[in-house]
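One structure is given here, and the rest of the page talks about it.
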Amino acid sequence: MPITKSAKKALRQSFTRKARNLRRKNNYKNNLKEFKNLTSAGKNDEAKKLLSKVYKALDKAAKTNVIAKNKAARLKSSATKLLQKTA
(Lines give C-alpha, C1' and ligand atoms only; values in the text may rest on other atoms or scores of the structure.)
Protein backbone atom coordinates (compact mmCIF):
# COMPACT_ATOMS: atom_id res chain seq x y z
CA MET A 1 0.00 0.00 0.00
CA PRO A 2 1.18 3.53 -0.72
CA ILE A 3 2.53 5.53 2.18
CA THR A 4 3.12 9.05 0.90
CA LYS A 5 0.33 11.43 0.01
CA SER A 6 1.35 11.62 -3.64
CA ALA A 7 1.48 7.83 -3.94
CA LYS A 8 -2.04 7.57 -2.51
CA LYS A 9 -3.28 10.10 -5.06
CA ALA A 10 -1.50 8.24 -7.86
CA LEU A 11 -3.24 5.03 -6.81
CA ARG A 12 -6.64 6.75 -6.85
CA GLN A 13 -5.90 8.18 -10.29
CA SER A 14 -4.86 4.82 -11.68
CA PHE A 15 -8.09 3.20 -10.47
CA THR A 16 -10.15 5.98 -12.06
CA ARG A 17 -8.26 5.73 -15.33
CA LYS A 18 -8.52 1.95 -15.40
CA ALA A 19 -12.29 2.16 -14.96
CA ARG A 20 -12.59 4.77 -17.72
CA ASN A 21 -10.42 2.73 -20.09
CA LEU A 22 -12.42 -0.44 -19.43
CA ARG A 23 -15.66 1.44 -20.10
CA ARG A 24 -14.36 2.68 -23.45
CA LYS A 25 -13.00 -0.74 -24.38
CA ASN A 26 -16.22 -2.54 -23.49
CA ASN A 27 -18.24 0.09 -25.34
CA TYR A 28 -16.45 -0.41 -28.66
CA LYS A 29 -16.38 -4.19 -28.26
CA ASN A 30 -20.11 -4.42 -27.49
CA ASN A 31 -21.02 -2.12 -30.38
CA LEU A 32 -18.84 -4.12 -32.76
CA LYS A 33 -20.31 -7.42 -31.56
CA GLU A 34 -23.86 -6.13 -31.95
CA PHE A 35 -23.00 -4.85 -35.44
CA LYS A 36 -21.59 -8.24 -36.48
CA ASN A 37 -24.67 -10.02 -35.12
CA LEU A 38 -26.96 -7.72 -37.11
CA THR A 39 -25.03 -8.23 -40.34
CA SER A 40 -24.95 -12.00 -39.92
CA ALA A 41 -28.71 -11.95 -39.29
CA GLY A 42 -29.20 -9.99 -42.51
CA LYS A 43 -30.59 -6.84 -40.85
CA ASN A 44 -28.62 -4.40 -42.97
CA ASP A 45 -30.76 -1.32 -42.28
CA GLU A 46 -30.25 -1.60 -38.52
CA ALA A 47 -26.56 -2.39 -39.05
CA LYS A 48 -26.14 0.77 -41.14
CA LYS A 49 -27.58 2.85 -38.31
CA LEU A 50 -25.28 1.15 -35.81
CA LEU A 51 -22.19 1.67 -37.97
CA SER A 52 -21.89 5.32 -36.92
CA LYS A 53 -21.99 4.27 -33.25
CA VAL A 54 -19.25 1.74 -33.93
CA TYR A 55 -17.14 4.43 -35.63
CA LYS A 56 -17.68 6.84 -32.74
CA ALA A 57 -16.74 4.27 -30.11
CA LEU A 58 -13.60 3.22 -32.01
CA ASP A 59 -12.53 6.83 -32.57
CA LYS A 60 -12.96 7.67 -28.89
CA ALA A 61 -10.98 4.60 -27.85
CA ALA A 62 -8.19 5.48 -30.28
CA LYS A 63 -8.19 9.15 -29.25
CA THR A 64 -7.67 8.27 -25.59
CA ASN A 65 -5.03 5.61 -26.39
CA VAL A 66 -7.18 2.69 -25.22
CA ILE A 67 -6.40 1.08 -28.57
CA ALA A 68 -3.93 2.06 -31.27
CA LYS A 69 -5.10 4.33 -34.08
CA ASN A 70 -4.19 1.74 -36.69
CA LYS A 71 -6.27 -0.91 -34.92
CA ALA A 72 -9.26 1.43 -34.92
CA ALA A 73 -8.78 2.07 -38.62
CA ARG A 74 -8.50 -1.66 -39.29
CA LEU A 75 -11.68 -2.45 -37.34
CA LYS A 76 -13.63 0.35 -39.04
CA SER A 77 -12.48 -0.87 -42.45
CA SER A 78 -13.43 -4.48 -41.73
CA ALA A 79 -16.84 -3.40 -40.41
CA THR A 80 -17.53 -1.43 -43.59
CA LYS A 81 -16.41 -4.33 -45.77
CA LEU A 82 -18.64 -6.70 -43.83
CA LEU A 83 -21.64 -4.42 -44.37
CA GLN A 84 -20.93 -4.11 -48.09
CA LYS A 85 -20.48 -7.86 -48.43
CA THR A 86 -23.84 -8.64 -46.87
CA ALA A 87 -25.70 -5.91 -48.80
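Against the test of being surrounded by 11 or more Cβ atoms within 10 Å (Cβ to Cβ) and under 10 Å from the mean Cα position of the chain (by Cα), the options LYS53, LYS63 yield a single qualifying residue, LYS53.
The residues listed here are ARG12, ARG24; of these, the one that is surrounded by 12 or more Cβ atoms within 10 Å (Cβ to Cβ) and among the charged types (D, E, K, R) is ARG24.
Restricting the search to helices (runs of 4 or more DSSP H) fully inside the chain and requiring at least 3 residues that are modelled with pLDDT under 95 and among the β-branched types (Val, Ile, Thr) gives an empty result.
The values are calculated or read from the model by the stated rules, or taken from the named source; none is laboratory data. Because the structure is predicted, anything quoted here is derived from the model rather than measured. Here the Cβ is made from the backbone with ideal geometry for all residues, glycine too, and neighbour counts use every protein chain on show.
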